[in-house]
Amino acid sequence: MTTVIRARRAVVGDEEGSCAVHVRDGRIVAIEEYDGAAPAGAREIVLADDEVLLPGLVDTHVHVNEPGRTEWEGFATATRAAAAGGVTTIVDMPLNSIPSTVDVAALEVKQKVAAEQVTVDVGFWGGAIPGNLADLEPLWDAGVYGFKCFLAYSGLDEYPPLDREQMIEAMRVIAGFGGLLIVHAEDGPTLDAQDPPAGPRYDDFLYSRPPVAESRAVAQVIDGARQTGCRVHILHLSDAGSLPLVAAAKAEGLPVTAETCPHYLSLFSEEILDGSTHFKCCPPIREARNREALWRGLADGTLDCIVSDHSPCLPELKKFVTGDFGEAWGGISSLQLGLPIVWSEARKRGHTLVDVVRWMAGRTADLVGLADRGAIAVGNRADLCVFAPDDAFVVFPERLHHRNAVSPYAERALAGVVRQTWLAGEPLTVTLGATDPAPRGALLSRKENR
């Protein structure tokens, strides 16, 4: 049966306009005029006038944490949160699960655990750590989308960082089979030279992770790409002072891309009260003027995309009793909220939903080579999001679908409501606190890129 979705507003390509999207067997088979005839027997869905049809978002930076730390987050809860937020594809980070995804055996463990409980489609990153060079190509052949490394302590002893020489060596290996290295770009020696954060003052934590730690690491990554030809991607860039380095690398023709996150685009350090450890993440949320420069980096194309860096933990690990930023786990949970957070801020600065879709769907899909999603186009998967951009809601963490009710956005009003998410041409239903009796997501492999 063909389904025809009629939308007075839809983001198709680089434009917003009215259309009728024809879906059959999970794919978009035609895009017609809004009032065009439907095939005989077709199911017809007419969106409300205040709703906009978007492609399902692709979030390439999600820490699901299962197995090993499922009490922090798991595939069932994370993918329900994704579906509720209009995200139809996620790519899971190789940490904080146990084991970390640093060899094929660990990947297979994670895939076995994830199978049959994912509401949306899930792909996987591999990891690059000291001593696993021989595991990189087998992981690539097994279907991971690339390899994550740290240049500073990750916070987990089982996932140590690479030093500069080890990073270059990994780049040479990865370049040899055409892979991708994604980098947490903070320089370890620079951070080690700072006074460690202790106590509830946010400014002390901020000063312990200075902008120069990012810019030095970004420069090292770019130099490594220049030496080896390896394709590299800079994760969760928070320091706007590093943008000229990225822009120059792109102008030079180096295979360098970069992302930022909703929290860096919406929050700012001047508003963070002492002891508010739910705002802790690494790299840190910086000043308001830095936030505005990141928006300019998105506007001019220096920054390629926006991802959640969804990184939950148990509430007690946030150390709310003491408010100690030195002891608290760093990470922000925003998988379900990314679209309204970004839209709330983007529209203030004159950006459109076309821009938001490009940053959160098109370019993220491009990053990992998922050519059949991230845009409403004939032949693409019918992964769709019905979004009401002029509606609004207040964030109550206990109503979110991720496992633990912690969020720096608590009691904030956000613009834009996700009213429906479609996966492969069928609507998803997620109920708070309930387990989906028949999850329909699939596990993705780079080799298949279904």
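In segment 331-348 there is no residue that is over 26 Å from Val417 (Cα atoms) and acidic (Asp, Glu).
The lone criterion from (1) surrounded by fewer than 24 Cβ atoms within 10 Å (Cβ to Cβ); (2) within 23 Å of Thr257 (Cβ to Cβ) left unmet by Ala392 is number (2).
Within segment 50-60, is even one residue of a type in the set (A, V, I, L, M) and open to solvent by 40 Å² or more (accessible area, probe 1.4 Å)? It would help to see each step written out before you state the result.
Step one: list which residues in segment 50-60 are of a type in the set (A, V, I, L, M), which gives 52-54, 57-58.
If we keep only those that are open to solvent by 40 Å² or more (accessible area, probe 1.4 Å) as well, we get none.
No, the conditions are met nowhere in segment 50-60.
The condition of being surrounded by fewer than 18 Cβ atoms within 10 Å (Cβ to Cβ), farther than 23 Å from Gly127 by Cα and without any contact (Cβ under 8 Å) to a residue 12 or more places away in the chain does not hold for Ala198. Looking for something of a type in the set (D, E, K, R) and in contact with a His (Cβ under 7 Å, 6 or more places away or on another chain) - is there at least one such residue anywhere in segment 285-300? Checked segment 285-300: no residue is of a type in the set (D, E, K, R) and in contact with a His (Cβ under 7 Å, 6 or more places away or on another chain). Of all residues being open to solvent by less than 80 Å² (accessible area, probe 1.4 Å), in a loop (DSSP other than H, G, I, E, B) and in contact (Cβ under 8 Å) with a residue 24 or more places away in the chain in segment 411-433, which is nearest to Lys319 (Cα to Cα)? Just the residue, please. Selected residue: Val430. Here Ala405 fulfils each of the conditions (1) surrounded by fewer than 22 Cβ atoms within 10 Å (Cβ to Cβ); (2) more than 14 Å from the chain's Cα centre (by Cα); (3) at pLDDT 95 or above apart from (3). Selection within segment 328-359: residues that are assigned to a helix (DSSP H, G or I) and aliphatic (A, V, I, L, M). The member of this set that is surrounded by the most Cβ atoms within 10 Å (Cβ to Cβ) is Leu339.
Only one of the numbered conditions (1) over 24 Å from Asp383 (Cα atoms); (2) in contact with a helix residue (DSSP H, G or I) (Cβ under 7 Å, 6 or more places away or on another chain) is not met by Val109, and that is (2).
Name every residue in segment 254-296 that is of a type in the set (A, V, I, L, M, F, W, C) and assigned to a helix (DSSP H, G or I), in order of residue number. If the condition is that a residue be of a type in the set (A, V, I, L, M, F, W, C) and assigned to a helix (DSSP H, G or I), then Leu265, Phe279, Ala288, Ala293, Leu294, Trp295 are the ones that fit.
The sole residue among Val173, Val221 that is out of contact with any strand residue (DSSP E or B) (no Cβ under 8 Å at 6 or more places or on another chain) and either of a type in the set (A, V, I, L, M) or surrounded by 15 or more Cβ atoms within 10 Å (Cβ to Cβ) (or both) is Val173. Checked against the criterion of being farther than 29 Å from Ala424 by Cβ, open to solvent by less than 10 Å² (accessible area, probe 1.4 Å) and either more than 19 Å from the chain's Cα centre (by Cα) or of a type in the set (Lys, Arg) (or both), the candidates Leu107, Leu136, Leu95 yield just one match: Leu136. Under the condition of being touching a residue at least 60 places away in the same chain (Cβ under 8 Å) and assigned to a strand (DSSP E or B), the residues counted in segment 59-108 number 9. Residue count for segment 109-137 satisfying the condition of being assigned to a helix (DSSP H, G or I), within 15 Å of Lys447 (Cα to Cα) and small (Gly, Ala, Ser): 0.
Among the conditions (1) open to solvent by 10 Å² or more (accessible area, probe 1.4 Å); (2) closer than 23 Å to Asn65 by Cα; (3) not in a loop (DSSP other than H, G, I, E, B), the only one that Thr364 does not satisfy is (1). Consider segment 1-28 and keep the residues that are open to solvent by 50 Å² or more (accessible area, probe 1.4 Å) and over 28 Å from the mean Cα position of the chain (by Cα). The one that is farthest from Asp391 (Cα to Cα) is Met1.
The values are calculated or read from the model by the stated rules, or taken from the named source; none is laboratory data. In this text, all values refer to a predicted model and were calculated from it rather than measured experimentally. No Cβ is skipped: glycine too gets one built from the backbone with ideal geometry, and neighbour counts run over all protein chains shown. Remember, those area values only see protein heavy atoms, side chains included, never the ligands or the DNA or RNA. Shrake-Rupley method; radii C 1.70, N 1.55, O 1.52, S 1.80 Å.
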